[in-house]
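Okay, so here's the structure we're looking at.
Quick note: the coordinates plus some simple rules give every number you see, no bench work behind them. Just so we're clear, the structure is a prediction, and the values are computed from it rather than from any experiment. With ideal geometry, Cβ positions are generated from the backbone for all residues, glycine too; neighbour counts draw on all protein chains shown.
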């Protein structure tokens, strides 16, 4: 169920973040506050980014911020979403990111419904544009809910 | 025609983009009418050259798999259209070694 994965409290709209590390912090912090993972998960994401690059920037405007985490740092499968009014750069090429989706996964399949929603929204440029134009956390949350059974 | 019975979608953590690409691969296989092929997903730390006939990765991850025999590289990881076209090309390939999209 998508409602087990994302809540209204996990969705925010922010003016800007200063760099990609703050972007990671913002999206993971929403998960930490919801009790889904510990602060160490942020270090895991930073480490994997420094090792492989920001491969989780999946479209021009969206980053699916995550790492693999063990039971000690990930307690629960959950998504967060921060929509930025000003874009942030994850690399020279990936410099126009406005949607920060945080994901922590307690196993390899429980977040499937969330991935269906993300694929439905961000695999379609019209849907992505609608998402980028959202003006409230409620709007963001409702878009996730309505796209979860799209496939 | 290349014999492809198992496709492994691979990303850094094996959770996010690899799962989305797996979902999109299943959809593409249906569109292509391919019924004797399964798609799975995994992480870079678990991927094994013997675990599939074709490996699908985003261009960021490709350097890690450049020595694998059959690799399909996606420029836009979320693009169903690009995946469909490149999968079709993979099934039409002759020979045991090919890298598509590099």
Computed on Cα atoms, Rg of chain A relative to 2.2 N^0.38 Å comes out at 0.94
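What's the average, rounded to a whole number, of partner chain beta-carbon atoms within 10 Å of each residue's beta-carbon in B:19-28?
Across B:19-28, the average partner-chain Cβ count within 10 Å equals 4.
How shielded is A:60-67 by partner chains, expressed as the average number of their Cβ atoms within 10 Å of its Cβ atoms? Please list the in-between numbers first.
Details: counts 1, 0, 1, 1, 8, 1, 6, 4.
Across A:60-67, the average partner-chain Cβ count within 10 Å equals 3.
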Using the Cα gyration tensor of the protein assembly as shown, the equivalent ellipsoid's semi-axes, largest first and to the nearest Å, work out to 30, 19, 17
Distance in nm between pseudo-label sites at residue B:49 and residue A:149 (7 Å out along the Cβ direction from Cα): 4.7
How big is the gap, in Å, between the Cα center of the range B:80-102 and the Cα center of the range A:91-115? 26
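For chain B, what relative contact order do you get, as a whole percent, if you take Cα pairs closer than 8 Å and at least 6 residues apart?
Details: 180 pairs, mean separation 34.3, N = 102.
34 percent.
Which whole-number percent of Cα pairs in chain B have a distance greater than 20 Å?
Values: 1308 of 5151 pairs.
Result: 25 percent of Cα pairs exceed 20 Å.
In peptide A:99-109, what is the residue-averaged number of other protein chain Cβ atoms found within 10 Å of each Cβ? Present the calculation step by step, with values, prior to reporting the outcome.
Numbers: counts 0, 0, 1, 0, 3, 1, 5, 0, 1, 8, 3.
Average neighbour count from other chains, rounded to a whole number: 2.
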Nearest 5 is fine: what % of DSSP beta bridges in the protein assembly as shown come out antiparallel, could you say? 25
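Residue A:138 to residue A:50: extension gain in nm, 0.36 nm per residue of separation minus the Cα-Cα distance?
Working: separation 88, 0.36 × 88 = 31.68 nm, distance 3.34 nm.
Going from the current span to full extension adds 28.3 nm.
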